[in-house]
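A short write-up of the structure that comes next.
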Amino acid sequence: MTDDPRLGLTVIHRRYVPYAHAHYGGDLVDGAYTLGLFGDVATEVAIRTDGDEGLLAGYSEVRFLGPVRAGDVLEAACEVTRIGRRSRELRCTARVVARAEPERGASAARVLDEPLTVVEATATLVVP
């Protein structure tokens, strides 16, 4: 159905990545953190498109393109790219929009001139 008004719906969440989530040296955060954000965004997509929280059934592709660090502000977005009878395919993207700069001071940070795309994924959402 190409004229389905749900097609192209995009939901965006922004979240500060707390230092408690640093898992590796250099304050790096594990990839599961961003996938969890995609799950939250997909839940809102399901609520908006189908009036139900639905279930994120899986990912057919995940690409980690850059680091996520504690102190980042991440923008997680999911766009509906396909509508099935009970499934929705989502294009998920995470971008760093602000980043800590500890070399300038303990609480220093800046908004990036251009957001950095750090994760891309294709997800399947299932609704009742």
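Each value in this text was obtained by applying a stated rule to the coordinates, not by laboratory testing. Small disclaimer: the values here were computed from a predicted structure and weren't measured. Note that each Cβ is placed from the backbone with ideal geometry, even for glycine, and that neighbours are counted across all protein chains shown.
Of note:
- A straight chain from Glu44 to Val62 at 0.36 nm per residue would run longer than the Cα-Cα distance by 4.5 nm.
- Taking amide H positions as modeled 1.01 Å from N, with prolines and chain starts lacking one, the residues under 5 Å from Gly71 and 5 or more places away or on another chain are Val17, Tyr19.
- Taking every DSSP helix (H) stretch of at least 4 residues in the chain, weighting each as -39,500 (n - 2.57) and dividing the sum by the residue count yields a mean residue ellipticity at 222 nm of -5500 deg cm²/dmol.
- For the range 28-128, trypsin sites (Lys or Arg not before Pro) are listed when DSSP marks them as loop and at most 14 other Cβ atoms sit within 10 Å of their Cβ; the list is Arg85, Arg86, Arg104.
- When the range 10-126 is reduced to its Cα atoms, the Kirkwood hydrodynamic radius in Å: 14.7 Å
- Residue-by-residue Karplus 3J(HN,Hα) for the range 82-99, coefficients 6.51, -1.76, 1.60, Hz, glycine and proline x: 8, 10, x, 4, 10, 10, 10, 8, 10, 9, 10, 9, 10, 10, 7, 9, 8, 9
- Backbone phi angles across the range 14-26, fed through the Karplus curve with coefficients 6.51, -1.76 and 1.60 (θ = phi - 60°), yield HN-Hα couplings of 10, 8, 6, 8, x, 5, 5, 8, 4, 10, 10, x, x Hz in residue order; Gly and Pro are listed as x.
- Length available on full extension from Asp4 to Arg82: 0.36 nm per residue minus the Cα-Cα distance, which gives 27.1 nm.
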